[in-house]
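Novice: Have a look at this one before I ask anything.
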Amino acid sequence: MLLSIKNTSVHFGKVSAIEDISIDVEEGTIVALIGANGAGKSTILRAISGLEHPTTGEIWFEGERIDHCSPEEITIKGIAHVPEGRRVFPYMTVMENLEMGAFARSDKAAIARDLKSVFEHFPRLYERQKQAAGTMSGGEQQMLVMGRALMSGPKVILMDEPSLGLSPILCQEIAKIIKEIHAQGRTVVLVEQNARLALSLAQRGYVLETGSVVLEGEAKALLHNDKVRETYLGG
Ligand SMILES: Nc1ncnc2c1ncn2[C@@H]1O[C@H](COP(=O)(O)OP(=O)(O)O)[C@@H](O)[C@H]1O
Ligand SMILES: [Mg+2]
């Protein structure tokens, strides 16, 4: 298994945000984490990327335990996090934002190759590379934070609610780009409240409720599961 979360809990004071969560992510797959607001989805991504440290449990990546590592160490190991809320550096240009994504790398040729690939995924970023990031639309800012994450040259990319607040057309555009990123051989952990979108892209899915996994399985099977349909797909 490329990435494993084993019996992991995260507490904020006495409150548990996630409780005894186990999730396996196989190399080259898209894994969807779905669930309502407050279910613990972002906390799981934050724990993987070293922004929260589990109170119990272990997180393993490529045969190595990573739950005591810093966020910088985890980025360098090959896990990139696209946090919720599209936080760009607003006064920097698009190009400068992308360069920030490669902060931990020194291989200029590989960085140039990845920049070219980001511009292929996101032609709009190429057109707007000199524009201040804060003046771009919500959809363009989402593209920029995804592009910035790709600039770290990750094996795994964690995406937190990339479709939130975007128009249906832009959601489809983001979905297409996630497919392309996956087709290039990257592993994706996709957090979404838009369960239909996430499960239609993923191979496997996990359903979270109040900090626990209540259902897991093949994404296609989850799309046809009665409970999932009723609760998350509007019947
Ligand atoms: N920094 C924090 N301090 C206290 N409670 C938090 C913090 N972050 C998240 N929580 C709580 O943990 C639970 C899970 O939150 P979160 O992982 O953000 O859920 P989701 O991403 O599924 O909406 C929620 O009850 C939330 O209020
Ligand atoms: Mg969240």
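The values are calculated or read from the model by the stated rules, or taken from the named source; none is laboratory data. Since we're looking at a predicted model, the values are computed, not measured. Every residue, glycine among them, receives a Cβ derived from its backbone with ideal geometry; neighbour counts consider all protein chains shown.
Novice: For the range 57-94, give me each residue that is loosely packed, with under 15 Cβ neighbours inside 10 Å and within 16 Å of ligand 1 (Cβ to nearest atom).
Specialist: Pro71, Gly85, Arg87
Novice: Something else: Looking at the range 144-164, can you tell me whether even one residue there is free of Cβ contacts under 8 Å to residues at least 40 places away in the same chain, of a type in the set (Gly, Ala, Ser), on the phi > 0 side of the Ramachandran plot and out of contact with any strand residue (DSSP E or B) (no Cβ under 6 Å at 6 or more places or on another chain)?
Specialist: no
Novice: Right, something else. From Asn7, Asn97, grab the single residue that is among the polar types (S, T, N, Q) and either surrounded by 17 or more Cβ atoms within 10 Å (Cβ to Cβ) or assigned to a loop (DSSP other than H, G, I, E, B) (or both).
Specialist: Only one candidate qualifies: Asn97.
Novice: What number of residues within the range 95-137 satisfy the criterion of being among the acidic types (Asp, Glu) and within 18 Å of Ile177 (Cα to Cα)?
Specialist: Final tally of qualifying residues: 3.
Novice: Further, regarding this structure: Quick one: Arg87 ticks every box in (1) of a type outside the set (Phe, Trp, Tyr); (2) in a loop (DSSP other than H, G, I, E, B); (3) touching a Gly at 6+ places or on another chain (Cβ under 6 Å) except a single one, so which number is it?
Specialist: Condition (3) is where Arg87 drops out.
Novice: Considering each residue of the range 1-36, count those that are within 15 Å of ligand 1 (Cβ to nearest atom) and among the charged types (D, E, K, R), and give that number.
Specialist: So the answer is 3.
Novice: Being at pLDDT 95 or above, part of a strand (DSSP E or B) and aliphatic (A, V, I, L, M) narrows it down to one residue among Ala80, Ala112; which is it?
Specialist: When all the criteria are applied, what remains is Ala80.
Novice: List the strands (runs of 3 or more DSSP E) inside the range 13-66, counting only whole elements, that have at least 1 residues being within 16 Å of ligand 2 (Cβ to nearest atom).
Specialist: In the range 13-66, the matching strands (runs of 3 or more DSSP E) lie at 15-25, 30-35.
Novice: Which residues, taken from the range 36-83, are of a type in the set (A, V, I, L, M, F, W, C) and free of Cβ contacts under 8 Å to residues at least 24 places away in the same chain?
Specialist: Correct list: Ile66, Cys69.
Novice: Let me spell it out: the conditions are (1) among the small types (Gly, Ala, Ser); (2) away from ligand 1 (no atom under 15 Å from the Cβ); (3) buried (at least 22 other Cβ atoms within 10 Å of the Cβ), and Ala39 meets all of them except one. Which number is the exception?
Specialist: That leaves (2) as the condition not met.
Novice: Please specify each residue of the range 162-193 satisfying the condition of being over 19 Å from Met1 (Cα atoms), within 16 Å of ligand 2 (Cβ to nearest atom) and crowded, with 21+ Cβ neighbours inside 10 Å.
Specialist: Pro162, Ser163, Val191, Glu192
Novice: Cβ-Cβ under 8 Å, sequence separation 6+ or interchain: first residue in the range 182-194 and within 16 Å of Val228 (Cβ to Cβ) and without any contact (Cβ under 8 Å) to a residue 40 or more places away in the chain, partner within 16 Å of ligand 2 (Cβ to nearest atom) and not hydroxyl-bearing (Ser, Thr, Tyr). Which pairs?
Specialist: Short answer, once both residue conditions are applied: Asn194/Leu164.
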